[in-house]
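What follows is one structure encoded as structure tokens, with my remarks underneath.
The values are calculated or read from the model by the stated rules, or taken from the named source; none is laboratory data. Since this is a predicted model, take the numbers as computed values, not measurements. A quick note on method: Cβ atoms are made from the backbone with ideal geometry, for glycine too, and the neighbour counts reach across all protein chains shown.
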Amino acid sequence: MKRELYTITTLSNLHVGSGDINFDIIDNQVQRDAITTLPTIHSSSLKGAFREAFGEGQMSNYVFGPDNKSAVHQTGAFHFFEASLLSRPVRSNKKPYFLATSVGVIESFLTLLEDFEIVFDETIIKALKKLSQEKVKEGEPLIFENIQGVILEDLKAKASSLDISILNELLGDNIALFSDIDFKDLSLPVLARNYLEEGISKNLWYEEVVPKKSKFYFVIAKPTNLDEPDKKENLDKFERQLDEKKHIQFGANKSIGYGYSKVEKVSE
């Protein structure tokens, strides 16, 4: 199998629900990684969103497996791995937002490239390794611009002279590097939702969302032992249609604009 890397950039707020019952102020929480506790998109949710976007047909049945209406029971040829958080916006007093990431997030990304043998731009890998070696103190995130007095959420940032402009396409502009503890402590926006029945408010609940401009990354493993017709009709067609679509909706609340995201392949 060949493993290829993709990124997701959220164009609107994202809510991929965890399904857990919660008796705190937040009624509907987002999916989170069991170890890091950072927001994630589980592979089943990821695969389901792709299937809905691509619709039915020969290629979809090959990639995702036959639909539930089919009498044939087999798995899809593509293997989808969960999407991990790469960066997310945080509020600032100097700019509308900075995109926050952490040393641990960068290290996990580099580890995934190695473990999954992803073919990736070596100059970007070197820049990521340099970024991961930056000394970040708890409570003092780093920015990579010569701006004084920057406050990120409630933390006073320090400026680093490291040039990370080569990473803008991958991580996003206005990057801020947080300690792992501070990054995990960043809260997500919580939005109030109201259920109306005949114009009358019946219920108010609170929903956690991953804000727009956030970035995730994930891997798809694809078969390599294909004959030319299969490659053309399935593998190449998948890539071509994804390139044409670009935008895929993940998670719930499609009717109110949640989850619209741009998906791009970033491996070579």
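Some points to look at:
- Number of the exception - residue 247 against (1) surrounded by 13 or more Cβ atoms within 10 Å (Cβ to Cβ); (2) under 30 Å from residue 175 (Cβ atoms): (1)
- Within segment 207-229, the residues that satisfy the criterion of being more than 30 Å from residue 174 (Cα to Cα), touching a residue at least 12 places away in the same chain (Cβ under 8 Å) and not small (Gly, Ala, Ser) are 222, 223, 224.
- Looking only at segment 227-244, and only at residues there that are farther than 17 Å from residue 46 by Cα and buried (at least 16 other Cβ atoms within 10 Å of the Cβ), the one that is modelled with the highest pLDDT: 237
- Selection status of residue 108, touching a Leu at 6+ places or on another chain (Cβ under 7 Å) and surrounded by 15 or more Cβ atoms within 10 Å (Cβ to Cβ): no
- Look at (1) in contact with a Gly (Cβ under 9 Å, 6 or more places away or on another chain); (2) modelled with pLDDT of 95 or more; (3) part of a loop (DSSP other than H, G, I, E, B); (4) not hydroxyl-bearing (Ser, Thr, Tyr) and you find that residue 252 fails only one, number (2).
- Residues satisfying the stated conditions in segment 76-110, i.e. closer than 30 Å to residue 222 by Cα and among the aromatic types (Phe, Trp, Tyr): 78, 80, 81, 109
Table: residues versus (1) exposed (fewer than 14 other Cβ atoms within 10 Å of the Cβ); (2) without any contact (Cβ under 8 Å) to a residue 60 or more places away in the chain; (3) outside any helix (DSSP H, G or I).
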residue: 129; (1), (2), (3): yes, yes, no
residue: 134; (1), (2), (3): no, yes, yes
residue: 148; (1), (2), (3): yes, yes, yes
residue: 161; (1), (2), (3): yes, yes, yes
residue: 168; (1), (2), (3): yes, yes, no
residue: 177; (1), (2), (3): no, no, yes
residue: 182; (1), (2), (3): no, no, no
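- Qualifying positions in segment 201-226 - surrounded by 14 or more Cβ atoms within 10 Å (Cβ to Cβ), touching a strand residue (DSSP E or B) at 6+ places or on another chain (Cβ under 8 Å) and of a type in the set (A, V, I, L, M): 209, 210, 219, 220, 221
- Hits in segment 69-80 - residues which are modelled with pLDDT of 90 or more and either touching a Ser or Thr at 6+ places or on another chain (Cβ under 9 Å) or of a type in the set (Ser, Thr, Tyr) (or both): 79, 80
- Residues in segment 4-23 that are modelled with pLDDT under 70 and farther than 18 Å from residue 192 by Cβ: 3 in all.
- Any hit, segment 214-234, residues being among the β-branched types (Val, Ile, Thr) and touching a Ser or Thr at 6+ places or on another chain (Cβ under 7 Å): no
Every residue, every condition in (1) of a type in the set (Lys, Arg); (2) within 30 Å of residue 232 (Cα to Cα); (3) modelled with pLDDT of 95 or more, yes or no:
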site: 59; (1), (2), (3): no, yes, no
site: 67; (1), (2), (3): no, yes, no
site: 82; (1), (2), (3): no, yes, yes
site: 91; (1), (2), (3): yes, no, yes
site: 120; (1), (2), (3): no, yes, yes
site: 128; (1), (2), (3): no, no, yes
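- Top-ranked residue of segment 24-42 - restricted to ones that are among the β-branched types (Val, Ile, Thr) and not in a loop (DSSP other than H, G, I, E, B), ranked as modelled with the lowest pLDDT: 30
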